[in-house]
1. Of the candidates A:Asp112, A:Asp55, A:Asp93, which one comes out as most mobile in a Gaussian network treatment of chain A with C-alpha springs shorter than 10 Å?
2. May I ask you to evaluate 6.51 cos²θ - 1.76 cosθ + 1.60, the Karplus curve with θ = phi - 60°, for each residue of segment B:517-533 and list the ³J(HN,Hα) values in order in whole Hz, giving x for glycine and proline?
3. Could you order peptides B:257-266, B:195-204 by the average number of other Cβ atoms within 10 Å of their residues, highest first?
4. Quick one: if you stick a label point 7 Å off each Cα along the C-beta vector at B:Ala180 and B:Tyr454, how many nm between them?
5. Tell me the per residue accessible area of chain A using a 1.4 Å probe; a whole number in Å² is fine.
6. Which one, A:Leu44, A:Phe33, B:Gly375, is farthest towards the positive end of the dipole of the protein assembly as shown when Lys and Arg carry +1 and Asp and Glu -1 on their Cβ?
7. Take peptides A:128-135, B:537-544, B:43-50, B:71-78 and line them up by average Cβ neighbours within 10 Å, highest first, as a rough protection proxy.
8. Put a dot 7 Å past each Cα toward the Cβ at B:Glu343 and A:Arg247; how far apart are the dots in nm?
Amino acid sequence: MDLTLRVWRQSGPGDKGRFEEYPAKGIDEHMSFLEMLDIVNERLTLEGIEPIAFDHDCREGICGTCGVMVDGRPHGPWEGTATCQLHMRAYSDGDTITIEPWRAKGFPAIKDLVVDRRAFDRIIESGGFISVAAGSAPDANNTPIPQEAAEFAMDAAACIGCGACVAACPNGAAQLFVAAKYSHLSLLPQGQPERWTRAESMVDTMELYFGSCSNHGECEAACPKNISLDFIALLNRDYLRSKWRNRRLAGQKG
Amino acid sequence: MQLDAKIPAGPIQDKWSNYRFDLKLVAPHNRRKFEVIVVGTGLAGAAAAATMGAAGYHVKAFTYHDSTRRAHSIAAQGGINAAKDYHGEGDSIYRLFYDTVKGGDYRSREANVYRLAEVSNAIIDQCVAQGVPFAREYGGLLHNRSFGGAQVSRTFYARGQTGQQLLLGSYQALAKEVGAGTVELHTHAEMLDLVVVDGRAAGIVVRDMETGEIRTHSAHAVILATGGYSNAYYLSTNAMACNGTAAWRAHRKGALFANPSFTQIHPTCIPASDESQSKLTLMSESLRNDGRIWVSKAAGDGRAPGDIPEDERDYYLERRYPAFGNLTPRDVASRAAKVVVDEGKGVGPLRNGVYLDFAEAIGRLGKDVIEARYGNLFEMYERITGDDPYRTPMRIYPAPHYTMGGLWVDYDLMSTIPGLFVAGEANFSDHGANRLGASALMQGLADGYFVLPYTVAGYLAGMLGERPVPTDHPEFEKAAAETRDRLARLLATNGSRTVDWFHRELGKIMIEHCGMARSEEGLRRALAEIPPLREEFHRDVRVLGDNESLNQSLEKAGRVVDFFELAELMCRDALYREESCGGHFRVEHQTPEGEALRNDEDFSHVAAWGWEGEGAEPSLTKEELEFEYVELAQRSYK
Ligand SMILES: Cc1cc2nc3c(=O)[nH]c(=O)nc-3n(C[C@H](O)[C@H](O)[C@H](O)COP(=O)(O)OP(=O)(O)OC[C@H]3O[C@@H](n4cnc5c(N)ncnc54)[C@H](O)[C@@H]3O)c2cc1C
Ligand code: SF4
Ligand code: FES
């Protein structure tokens, strides 16, 4: 099939950026979306045009590196699918496809379709972990975990940190990502001792970088791993509780 | 050069505890004075950086990824082994050790493998405590499955996402240390050279991938945990950015490279669909528990699978290996697939696959059971190929997957350059000529959480009072200048072909001649074809853009340069090793039935190669392998 791409080009953080049009001729329906971009990039290179920078690594939908807006939808038209798993079967001859980077205050531009998502790491550094020094853990079967609890935690842990939820949100909020990361740890018995400090510090750090959540729900629809909005409810409840609990805990410490 | 593996004395069960008892320790208040560089933040690197940061050392961690949550480790599906014996099947540390040495076709070092098995249980404890949501039974205890032909269930897993969950565990542990300021983190930072001063590893040269700035960093010790080199084949199951540059640059600075030709080809991957294919997708090995592998008995059969009657099908694994059938080990299953495809019996539009058929299992167990077991894999397959495996058999073919070879290390995981340690897939240490399923994750975390924190400390203890070499030392400036020149040359060539074109051509040579079956003739041909291709690359590659902003073609070009040299060494090693063992199959060395024939008499050693300069023959040093505990036997799966 022959397609036309409208691609966002931006030479660096300081550049204003603009759309450019490129033909993508002779594309096979078996190719993945990113393989289509590879081909366009090789052709651009031979024409003397700098190839389009885009992020990707595993190309299996698990590392969360890829992610672009395709015709206004994060990760493109297929539900529950990361950009790298989208295949050209989704398109027909003559289509024009518009490709843009994630746009959000929390994700500054780096180049073309690549943005800086390090703010996610700053949130994890503030409390998205369970403290345990290597070698100090008790036997793994000392604490049985009901199967449903482990499965529920795993549903949240499936988040790949791609940032599509932020890109989809009209406010540029990161609630779904933070809720997924928070819930994974806080639903497990091992995550209880640090639960309330975790809630408070992750949310407070999130607010330094991202907009506020007003329950639009666009994030859930965009998420390639179908992370549920229910986790946001858990995060919000725990955050409110954490405020008075942490004060009390601090008081106890003396 | 003489290679001393520094294996501690004593019975194998006591070696690691004796070693730790004899270790010189660094007192907690002195640890801050030591700087340690960790390159790579996959399972091995993140675990090492987090643990050493928490212990109080001054750690600097580097990764070319934008975040430490995104190493190739994240893609591992199947699981991680440990000798817990939670299910009372008679598993033990000794059995895991034995299985790993045997599975590696007797080409690994007993003492290292024993230690790996010994610390395996602590890994599971550590991960559970960190919040890794492993699969559980109804009673809430941990579930296990058997994997990759093991006769016990010792594999722990988290759905089909074990690597992801383990990496998130070590990523979070590392994030905690970054937040606490014990680890200084550099992301989008690619190591492009190692700096050696007075024979010791003194630091690294790093390119900031967003600004192009070349910086140098020094430390008392350098740890490389930079992953494997399967992408030398261009098409592999590895993530797109995986490369051999860090290890190769260290090799050029004096670190010996061991058994480079020991690579693993995984039998169940989705075949390539055309030239534009950029990588191959692994389908979990667990599918072989219920799927039957077959091709038509007739070459060039154009019929749809459903139109081929039972008696015209060849279930070749069941026929050749009645005892193990579709569950023969990876290397055996992969080679058998190559045989039938080479005979013209391949299936699919490009005739480059074999069928993996679930019709019989669906008939026997019902669609629901199959869906519960493999639903997500079937869905992934359909997304990629557009075919529905419930109705038509899957098509699979082997693909490069893992590299057992790597930088040579001793018992301390130290390379032949003092102060340079190597962990995870990047070293050669534990898997011999073939890695068992679910053992790479175990090894990466063993190295990072439980081995390096001791062995690196032992090295540092001897350096108390010494400061790291300052980065204005001439060796640092020289290495940085050379790196800048290399990049400038790549940008200035402005030839007529893309980096990917060269990488694809190299990959074709490698898979053809240094893949599943290797012959003297083929390897000689590869060794004749690679140098001219490399020279053409340097003359005719086109890398656009500049060094001063994100430039993905420039990054790739640098990695492909190193793949050329590494690929040559892989072929040379394969040519040298006149035997078939594990993933290394030389057609000249096989039994009359076509099975691999080892040559223990002449090749029971590690082949460690030294860099002697561009265009010069590499030097060979051998480490003889001694087997005191495991009895050498021919592997048989009949
Ligand atoms: C599809 C697939 C499935 C697998 N499934 C399993 C399984 O089920 N069980 C199992 O045990 N094993 C499995 N494996 C193997 C296993 O995943 C890997 O061997 C293992 O994760 C490697 O970990 P690592 O820490 O050594 O390296 P990696 O995870 O590859 O990490 C390398 C790190 O080094 C960094 N790096 C590399 N070079 C540089 C440089 N020059 N400068 C800066 N940073 C650099 C990277 O950014 C990255 O952080 C699988 C492999 C594949 C391909
Ligand atoms: S919640 Fe979903 S969309 Fe958001 S980062 Fe995680 S996987 Fe991506
Ligand atoms: S490239 Fe890894 S999720 Fe898409």
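1. A:Asp93
2. My calculation for segment B:517-533 gives 9, 10, 9, 4, 4, x, 5, 5, 5, 4, 5, 7, 8, 5, x, x, 5 Hz in order.
3. Going by the mean number of other Cβ atoms within 10 Å, highest first, we get B:257-266, B:195-204.
4. 2.2
5. On a per-residue basis, chain A sits at 39 Å².
6. B:Gly375
7. B:43-50, B:71-78, A:128-135, B:537-544
8. Rounded to a tenth, the inter-label distance reads 7.9 nm.
The values are calculated or read from the model by the stated rules, or taken from the named source; none is laboratory data. In this text the structure is predicted, and so the values were computed from the model without any measurement. Cβ coordinates were reconstructed from backbone atoms using ideal geometry, including for glycine residues, and neighbour counts include every protein chain displayed. The accessibility values were calculated without ligands, DNA or RNA, using every heavy atom of the protein model including side chains. Shrake-Rupley method; radii C 1.70, N 1.55, O 1.52, S 1.80 Å.
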